[in-house]
Amino acid sequence: RDDNDRQQTIIVVLDDDPTGTQTVHDLPVLTEWSEQTLRAEFARNTPAFYVMTNSRSLTPERAAEVNDTIARRLKFAAKRYGRRLSVISRSDSTLRGHYPLEIDVLARALQDDDDDDDEIAVGGSGLEPSSGLESSSSSSSSMIDGQIIIPFFLEGGRFTINNVHYVADGTELIPAADTPFAEDASFGFTKSNLLEYVEEKTGGRYARDRVESITIDDVRVGGPDAVRSKLSQLFGMRPCIVNAVTLRDAQVFALGLMDAEEKDGKRMLVRSAASFVQARIGCPKKPILSASVIINNNSNNNDNGNTSDDDNTNGGLVVVGSYVPKTTKQLESLLAVEGMERIEIDAADLVGDGAGTCDGDASSRDISNRVRTAIASGKTTVLYTGRKLVTGSSPAESLSIGNAVSRGLASVVSNLEVRPRFIIAKGGITSSDVATRGLGIRRAMVLGQACPGVPVWTIGEEGKFPGMSYVVFPGNVGGDDALRDLVIRLSE
């Protein structure tokens, strides 16, 4: 962190869903990226902040457009305020997302040129080689030298060992390609070895023997100097994967990366999960938030701006849209708890014509009324979609269906007329839509974590319930009883 301050570096994390704030605290999250909003963050002299793009829910074309727009605006703001800009593309620790598209688009947009009218070629493997990103020349100030891939996520049990990425399930480490995450309808993959994963996702643009690797020995024996030495050999956007199993591994790598950038003039783009962000920013560990801290955050003021101690007598609200098997098991555990209001919505009803609304007909109005009545009576309410996954005939159609379902759930939150004791949203797309469409969040602060890997935001002044805590529960994090245990803890 001291090095970042000395170099006048501002770190901006482009997060493809809201769950990436799961390792940090006391940092702002933006859900919109107008030039004015981004400049305001630079003017605050913020050392680091997140921009929630929610791009994992977007088509490749729209994801490319969003990343390009934000990157160019950030580059302009950094020049205006005299700051050194470091951009991290935060994505899924189970390897889902728009890779290599997003990293390619960012590399193009962040080059030190003033030609902002260049067209971006969008395809399954990102930018075409003809875009100039694959140069065989040595490093130059206008080029990105390397793309760093580090999906390590400690709290979620995601480890990279001998170049193979693993997902922990209890005491067992399962290669990522052997997990249900690899079967994702939009972002599926077949390789657990990250060298082969890069080759697969880039359509052979980078063969596995062209992908560099930072080993555990490099980090633990060679230290930052060994990391710097390997990174100094990268050019032309050559990929480099990073092995890591502890936060210390990520921290040592971050030091070597910073040395390569400052002392060797290298320019790198990082595609990472949440743990590297914590290491790069230099964000110290913070104890898990107590229930009283989370709940008392709600009592500052209600939606009318008046102090209200009675809010704590209301029930909480849990919104579950994620379909990954881990979420389904967690939901089953939660629904077994007595005394909760259970409201199931058929996802097929939400899809319809794709509008994704829950307030148009009598049935939808009944759902909103049931939620409001239950919360006001002090009952915690679980609003969830049926567990039959509705998919489309193509990745784009599956994304569209998922978005419609998420918007339907968010519409119930937007219609709330009573302030819940707490709000938990489960799943990336769901938590994004609940945040923006349901709660009207434009800027929030990360308060900390409700349990390992589960961030808590403080809703900004523009939101539906200013000052209230909002719990963003990733779909792929925690044991089978993690959601149940958190809800019980917040309800007591």
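The values are calculated or read from the model by the stated rules, or taken from the named source; none is laboratory data. No experiment lies behind these values; they were computed from the predicted model shown. Here Cβ is always computed from backbone atoms with ideal geometry, including for glycine, and neighbour counts include all displayed protein chains. The protein model used for the area step is the full one, side chains on, heavy atoms only, and it has no ligands, DNA or RNA in it. Shrake-Rupley method; radii C 1.70, N 1.55, O 1.52, S 1.80 Å.
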Open item on the list: Go through (1) at pLDDT 95 or above; (2) assigned to a helix (DSSP H, G or I); (3) within 11 Å of the chain's Cα centre (by Cα) for VAL13 and report which single condition fails.
Closed with: (2)
Task: Number of the exception - GLY408 against (1) modelled with pLDDT of 90 or more; (2) within 22 Å of PHE473 (Cβ to Cβ) - done: (1)
Open item on the list: Go through region 175-200 and report how many residues are in contact with a strand residue (DSSP E or B) (Cβ under 6 Å, 6 or more places away or on another chain) and open to solvent by 50 Å² or more (accessible area, probe 1.4 Å).
Closed with: 0
TODO: Please specify each residue of region 201-240 satisfying the condition of being open to solvent by 60 Å² or more (accessible area, probe 1.4 Å), in contact with a helix residue (DSSP H, G or I) (Cβ under 9 Å, 6 or more places away or on another chain) and free of Cβ contacts under 8 Å to residues at least 24 places away in the same chain.
DONE: ARG208, ASP209, ASP217, SER229
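Per-residue answers, yes or no, for (1) open to solvent by less than 10 Å² (accessible area, probe 1.4 Å); (2) in a strand (DSSP E or B); (3) in contact (Cβ under 8 Å) with a residue 60 or more places away in the chain; (4) of a type in the set (S, T, N, Q):
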| residue | (1), (2), (3), (4) |
| --- | --- |
| ASP26 | no, no, yes, no |
| ARG39 | no, no, no, no |
| PHE49 | yes, yes, no, no |
| ALA64 | yes, no, no, no |
| ALA71 | yes, no, no, no |
| ARG80 | no, no, no, no |
| SER86 | no, yes, yes, yes |
Open item on the list: Quick test for you: out of ARG443, ARG437, pick the one residue that is in contact with an Asp or Glu (Cβ under 8 Å, 6 or more places away or on another chain) and open to solvent by 20 Å² or more (accessible area, probe 1.4 Å).
Closed with: ARG443
Task: Among (1) surrounded by 16 or more Cβ atoms within 10 Å (Cβ to Cβ); (2) closer than 25 Å to LEU106 by Cβ, the one test that VAL245 misses - done: (2)
TODO: Kindly indicate whether GLU172 is surrounded by fewer than 23 Cβ atoms within 10 Å (Cβ to Cβ), modelled with pLDDT under 50 and either within 19 Å of the chain's Cα centre (by Cα) or on the phi < 0 side of the Ramachandran plot (or both).
DONE: no
Task: region 448-481: number of residues that are acidic (Asp, Glu) and under 13 Å from the mean Cα position of the chain (by Cα) - done: 0
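Kindly establish whether PHE465 is farther than 22 Å from THR53 by Cβ and of a type in the set (A, V, I, L, M, F, W, C). Working first, answer last.
On the way: farther than 22 Å from THR53 by Cβ: yes; of a type in the set (A, V, I, L, M, F, W, C): yes.
Yes, satisfied.
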Open item on the list: Take the residues in region 299-331 that are closer than 22 Å to GLY157 by Cα and open to solvent by 20 Å² or more (accessible area, probe 1.4 Å); name whichever of them is modelled with the lowest pLDDT.
Closed with: TYR323
Task: Conditions (1) crowded, with 18+ Cβ neighbours inside 10 Å; (2) free of Cβ contacts under 8 Å to residues at least 60 places away in the same chain; (3) assigned to a loop (DSSP other than H, G, I, E, B): number failed by TYR166 - done: (3)
TODO: Using the structure shown, decide if ARG56 is surrounded by fewer than 24 Cβ atoms within 10 Å (Cβ to Cβ) and in a helix (DSSP H, G or I).
DONE: no
Open item on the list: So in region 1-10, with the set limited to residues that are modelled with pLDDT under 95 and outside any loop (DSSP other than H, G, I, E, B), which one is surrounded by the most Cβ atoms within 10 Å (Cβ to Cβ)?
Closed with: THR9
